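Read the structure below first, then the notes.
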Amino acid sequence: MRALVVGNGNDFDPGYVGQRFREHGYAFTECHREHPAEWPALDGFDLVLTLGSEWNVYRPDTAELVEAEAALVREVLARRVPLFAVCFGAQVLSHALGGTVSRLDEPEIGWVPIEPLDGCPPEAVAGPWIEWHYDTFTVPDGYAELARTGAGPQLLREPRVLATQFHPECTETMLTRWMRMGGAEQLCAAGGDPAALVAETREKTEVSSANAYALVDWYLRTVASV
């Protein structure tokens, strides 16, 4: 089975989510957001995974690239190819379907419990999940909101589509890289402790990987197959 994965070239890492999809037999084709002209056609792909990003949907300097990804998302939906969208990927999904993405008054960073709503699977509530975002988005028409925090929607579902604002894919290696890419300064500015967050992420390795695997399993079993 073939999966098309969209992410930024300087931070391309599907983490635990990617590991689990591979264990289910998916082979990845890596697509960088910076070069949409190089993306292959969707023909023959069985899954699309869109990753997080340090970008914002509304940023003027990346507007054309965001619109290219939004067009891809709309084609994915039209073809009914299963889609798993993470953080920025979820925001692009909302934008692609006419929703809005806006800046939060305060960022949501760290290990955060989510509030389950009707239909939320136990696999999603099993967090807490790592959060790292400055934006929130509106739920597109026809989508079920399955979980949220005070910052906004956290888990959306539609047949063949799952979108998370949290980061089920996040590993200690990934978080450490984010710190080097400016995240440490961002976290300190928000009142957080970079070393403490990395240490907590290290301590949660076993449970966070298991939770991510369970979420992917649930998605493939009950969402992607609809």
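For (1) open to solvent by less than 20 Å² (accessible area, probe 1.4 Å); (2) touching a Cys at 6+ places or on another chain (Cβ under 8 Å), each residue gets a yes or a no:
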{"position": "HIS133", "(1), (2)": "yes, yes"}
{"position": "PRO153", "(1), (2)": "yes, no"}
{"position": "LEU156", "(1), (2)": "yes, no"}
{"position": "PHE166", "(1), (2)": "yes, yes"}
{"position": "GLN186", "(1), (2)": "no, no"}
{"position": "LEU197", "(1), (2)": "yes, no"}
{"position": "SER208", "(1), (2)": "yes, yes"}
{"position": "TYR213", "(1), (2)": "no, no"}
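Considering only residues of segment 1-37 that are aliphatic (A, V, I, L, M) and open to solvent by 20 Å² or more (accessible area, probe 1.4 Å), which is farthest from the chain's Cα centre (by Cα)? Step by step, filter segment 1-37, then rank; the result is ALA37.
Just the residues that are at pLDDT 95 or above and either crowded, with 22+ Cβ neighbours inside 10 Å or touching a Ser or Thr at 6+ places or on another chain (Cβ under 6 Å) (or both), please, taken from segment 117-130. Residues satisfying the conditions are TRP129, ILE130.
Taken over segment 190-206, the criterion of being among the aliphatic types (A, V, I, L, M) and modelled with pLDDT of 95 or more is satisfied by ALA195, ALA196, LEU197, VAL198, ALA199. The residues listed here are THR222, THR201, THR171; of these, the one that is within 16 Å of PRO14 (Cβ to Cβ), touching a residue at least 40 places away in the same chain (Cβ under 8 Å) and β-branched (Val, Ile, Thr) is THR171.
Whether a residue is touching a residue at least 12 places away in the same chain (Cβ under 8 Å) and surrounded by fewer than 19 Cβ atoms within 10 Å (Cβ to Cβ) was assessed, and THR149 passes this test. Contact map, segment 92-109: first residue touching a residue at least 24 places away in the same chain (Cβ under 8 Å), second residue of a type outside the set (Gly, Ala, Ser) and open to solvent by 70 Å² or more (accessible area, probe 1.4 Å), Cβ cut-off under 7 Å, separation 6 or more or different chains; pairs are ALA96/ARG74; VAL101/TYR58.
Among the residues of segment 54-66, those that are touching a helix residue (DSSP H, G or I) at 6+ places or on another chain (Cβ under 9 Å), open to solvent by 30 Å² or more (accessible area, probe 1.4 Å) and either under 23 Å from VAL216 (Cα atoms) or part of a helix (DSSP H, G or I) (or both) comprise GLU64, LEU65.
So which strands (runs of 3 or more DSSP E) are wholly in segment 98-182 and hold at least 1 residues that are at positive phi? Result: 101-112, 152-158. With respect to the conditions (1) under 16 Å from VAL223 (Cα atoms); (2) of a type in the set (Val, Ile, Thr); (3) out of contact with any strand residue (DSSP E or B) (no Cβ under 6 Å at 6 or more places or on another chain), VAL92 lacks only one, and its number is (1). The single condition from (1) in contact (Cβ under 8 Å) with a residue 60 or more places away in the chain; (2) in contact with a Leu (Cβ under 7 Å, 6 or more places away or on another chain) that TRP132 fails is (2).
The values are calculated or read from the model by the stated rules, or taken from the named source; none is laboratory data. All values reported here derive from a predicted model rather than from experimental measurement. With ideal geometry, Cβ positions are generated from the backbone for all residues, glycine too; neighbour counts draw on all protein chains shown. Calculation scope for accessible area: heavy atoms of the full protein, side chains included, ligands and nucleic acids excluded. Shrake-Rupley method; radii C 1.70, N 1.55, O 1.52, S 1.80 Å.
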